[in-house]
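Structure, as structure tokens:
The values are calculated or read from the model by the stated rules, or taken from the named source; none is laboratory data. Remember, it's a predicted structure, so these values are computed and weren't measured experimentally. Glycine gets a Cβ as well: all are built from the backbone with ideal geometry, and neighbour counts include every protein chain shown. Side chains included, ligands, DNA and RNA excluded: accessible areas come from the protein's heavy atoms. Shrake-Rupley method; radii C 1.70, N 1.55, O 1.52, S 1.80 Å.
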Amino acid sequence: MTIRRYLRLLPVVPSVLLLLFFLLAPVAWSFYASFTDAALSGRAARDPHWVGLDNYVRMFSDDAFPLAAWLTVVFVAASAVLGQNVLGLLIALLMTHSRKAVSSWVGTAVVAAWVLPEIVAAFAAYAYFNRDGTLNQMLAFFGGQGLDWLYTFPLVAIILANTWRGTAFSMLVYRAALADVPHDISEAALMDGAHGWQRLAFITLPMIRSSIATNLMLITLQTLAVFTLIWVMTAGGPANASTTLPVLAYQEAFKFGDIGYGTAVASVLILLGVVFGAVYVRLLRDQRP
Amino acid sequence: MTSRLRLAADIALAVIGFCFVAPLLWLLLAAVDPQAGYQTALPSAPSMENFGAVFTPELLFQPLANSFLLSAGTAAVNLVAAVLAAYPLSRYQSRFNKPFMYSVLFGTSLPVTAIMVPVYGLFVQLQLLDSMVATIFFMATTTLPMAIWMMKNFMDSVPLELEEAAWMDGASSMAALRAVVLPLMRHGLGVVFIFVFIQAWGNFFVPFILLLSTAKQPAAVSIFSFFGQHGAIAYGQLAAFSILYSVPVLLLYVLVSRSVGSSFALSGSVKG
């Protein structure tokens, strides 16, 4: 009888094998390799040696890692938590008050940036922030001074670009959440004389707070992993000024051939993902009894 | 609602909408401008010259065919694995269900860019580098957690009673899945397939790392040949190619959002 119950689980096996082989094994290997001097070429490529915590010690004494960690925090906080999240909520709120034609047109524009292939969005953003690009043309039109954004303020440019690219996700989440808020509750508050901001702060936001939490977790994880956008726009430069952790891991491992050090950086990123992922699973589990 | 409030909301939204469109203007205008640079300008002599220039087997068709092969393969592997996994999770009560679903959910949150270095190492060890099939299986695995969640939700909405009738008639569970459940969730299968297809089509980093020979590279990677590989950047051709490469996924997205509502992509994650 019990054998039959186990046999029933047999169809899950292909998925489990794929996940073990292509996701769990690389993660495990990453942690292992971060303790070795594995390299792309040369002697250490054939026969990597165990070097203990050397890579991690180097990571914290090297200037590049603390800078990349800090830039990653700024990038995620500014483009995901502030940019995408707040702008997405704002757009969704405005949509509840605006004409249907306007909101569907704007919705399409916001979603377009999100549905485009990442590399195309990255090229468009590169052209937009270029010294000869659209942004400077618009600034000049209003009598402003053009800047070489990608060179002078590379982090600002990629933060704005990632906000542009990712806001659609938050907008869709919040539109769905706001549609679920019962209409009569905000009507009742309106009757009781609550002003717009009070209604928002004391009724609407508390009612969608689980959506806010879930959205924040998801966009944080997505933004943590952003590589293509940054790599096309600035390639991490100039002089590491926009090198976040994924870019640093890529450069160390593939450009400088230092797999051991590259995986050490990647391992830190995976650990961050694990922490945020655990909180996210926790959030979803608590929502459902 | 007062009409003043509505007007203010309309204006604010229109301004935001314009900011979102602005970066795309260059793409559209440069594509039809043979003299395009980074300036956004109305082409003095608009023509389809750029499209003509990229319309060659080696520049356009081969990379797009590779993209199609990669994306369709990824979506197919995903669909088979996810359907099989979702069936027992949806149909039988087991003490493994919950831990399994939560570990899968946890898997959705792994930053894929972080595991590319170890995956490259794994592919080197197993001599799988530059293998289309291995790349397909890896890409399928990265989207598998999301696909399993979506699939289980779709399957949960097919009533169990219908299968019980089939079981009574002596059908095995796999036969019931094929003959009863899958036809009823055709729609859901289509959504998962297209969702994974779109993700794979736009994926740059994975094929960039794992596929080496030019003949196997998808459009996401081959697009770099316009981007200053030979010194000068072919702006107009880059824009024209970008548009041709984007159109298929834009159409697929419209197709899915029409039938499911634009929040389809969230059904797997946010709503659980």
request  = Kindly state which helices (runs of 4 or more DSSP H) lie completely within segment A:1-96 and contain at least 2 residues that are open to solvent by less than 30 Å² (accessible area, probe 1.4 Å) and without any contact (Cβ under 8 Å) to a residue 24 or more places away in the chain.
outcome  = A:13-19
query = Right, A:Ala38: facing another protein chain (nearest Cβ under 8 Å), closer than 15 Å to A:Ala264 by Cβ and out of contact with any His (no Cβ under 8 Å at 6 or more places or on another chain) or not?
reply = yes
request  = Just need a number here: residues in segment A:225-261 that are of a type in the set (A, V, I, L, M) and on the phi > 0 side of the Ramachandran plot.
outcome  = 2
note = Filtering segment B:46-93 down to residues that are polar (S, T, N, Q) and closer than 21 Å to B:Ser173 by Cβ yields B:Ser90, B:Gln93
ask   = Do we have A:Ser211 as assigned to a helix (DSSP H, G or I), within 9 Å of chain B (Cβ to nearest Cβ) and open to solvent by 10 Å² or more (accessible area, probe 1.4 Å) here?
value = yes
query = Is one or more of the residues making up segment A:197-206 within 19 Å of A:Ser79 (Cβ to Cβ) and of a type outside the set (S, T, N, Q)?
reply = no
request  = Among what's in segment A:277-289 and is within 18 Å of A:Leu24 (Cβ to Cβ) and open to solvent by 10 Å² or more (accessible area, probe 1.4 Å), pick the residue that is farthest from the other protein chains (Cβ to nearest Cβ).
outcome  = A:Ala278
note = A careful count of residues in segment A:7-47 that are at pLDDT 80 or above and not hydrophobic (A, V, I, L, M, F, W, C) gives 10
request  = Please give the helices (runs of 4 or more DSSP H) falling wholly within segment B:1-120 in which 3 or more residues are touching a His at 6+ places or on another chain (Cβ under 9 Å).
outcome  = B:3-31
request  = Filter segment B:41-56 for residues that are more than 29 Å from the chain's Cα centre (by Cα), of a type in the set (Gly, Ala, Ser) and away from every other protein chain (no Cβ under 13 Å) and give the result.
outcome  = B:Ser44, B:Ala45, B:Ser47
task = Identify all residues within segment B:111-135 that are open to solvent by less than 20 Å² (accessible area, probe 1.4 Å) and β-branched (Val, Ile, Thr); write none if there are none.
result = B:Ile115, B:Val117, B:Val119, B:Thr135
ask   = Within the group B:Thr141, B:Thr108, which residue is under 17 Å from the mean Cα position of the chain (by Cα), buried (at least 22 other Cβ atoms within 10 Å of the Cβ), within 29 Å of A:Asp286 (Cα to Cα) and polar (S, T, N, Q)?
value = B:Thr141
Residue ID - nearest to B:Ala147 (Cα to Cα), chosen from residues in segment B:169-179 that are outside any helix (DSSP H, G or I) and either open to solvent by 60 Å² or more (accessible area, probe 1.4 Å) or among the β-branched types (Val, Ile, Thr) (or both) = B:Ser172
query = For the subset of segment A:42-101 comprising residues that are more than 11 Å from every other protein chain (Cβ to nearest Cβ) and in contact with an Asp or Glu (Cβ under 6 Å, 6 or more places away or on another chain), which member is nearest to A:Ile208 (Cα to Cα)?
reply = A:Val51
task = Please specify each residue of segment B:28-52 satisfying the condition of being at pLDDT 80 or above and among the aliphatic types (A, V, I, L, M).
result = B:Leu28, B:Leu29, B:Ala30, B:Ala31, B:Val32, B:Met48
ask   = Counting only residues that are more than 7 Å from chain A (Cβ to nearest Cβ) and touching a Ser or Thr at 6+ places or on another chain (Cβ under 9 Å), which one in segment B:29-40 is surrounded by the most Cβ atoms within 10 Å (Cβ to Cβ)?
value = B:Ala30
request  = Please indicate, with yes or no, whether at least one residue in segment A:129-146 is under 30 Å from B:Leu252 (Cβ atoms) and in contact (Cβ under 8 Å) with a residue 40 or more places away in the chain.
outcome  = yes
key: Which listed residue, of A:Phe202, A:Phe254, is touching a Phe, Trp or Tyr at 6+ places or on another chain (Cβ under 8 Å) and open to solvent by 10 Å² or more (accessible area, probe 1.4 Å)   = A:Phe254
ask   = Which of the following residues is more than 7 Å from chain B (Cβ to nearest Cβ), assigned to a helix (DSSP H, G or I) and touching a Leu at 6+ places or on another chain (Cβ under 9 Å): A:Ala125, A:Ala113, A:Ala157?
value = A:Ala157
note = The condition from (1) at the interface with another protein chain (Cβ under 8 Å from one of its Cβ atoms); (2) open to solvent by less than 10 Å² (accessible area, probe 1.4 Å) that A:Val265 misses is numbered (1)
ask   = So B:Ser3 fits all but one of (1) more than 30 Å from A:Arg131 (Cα to Cα); (2) buried (at least 16 other Cβ atoms within 10 Å of the Cβ); what number is the exception?
value = (2)
Filter result for B:Leu182 (surrounded by fewer than 19 Cβ atoms within 10 Å (Cβ to Cβ), closer than 19 Å to B:Ala75 by Cβ, aliphatic (A, V, I, L, M) and more than 14 Å from the chain's Cα centre (by Cα)) = yes
message = I want to confirm something. Restricting to segment B:1-27 and keeping residues that are more than 30 Å from B:Pro43 (Cβ to Cβ) and more than 7 Å from chain A (Cβ to nearest Cβ), which single residue is modelled with the lowest pLDDT?
response = B:Thr2
query = Inside segment A:235-251, can you point out the residues that are open to solvent by 20 Å² or more (accessible area, probe 1.4 Å) and not in a helix (DSSP H, G or I)?
reply = A:Ala235, A:Pro238, A:Ala239, A:Asn240, A:Ala241
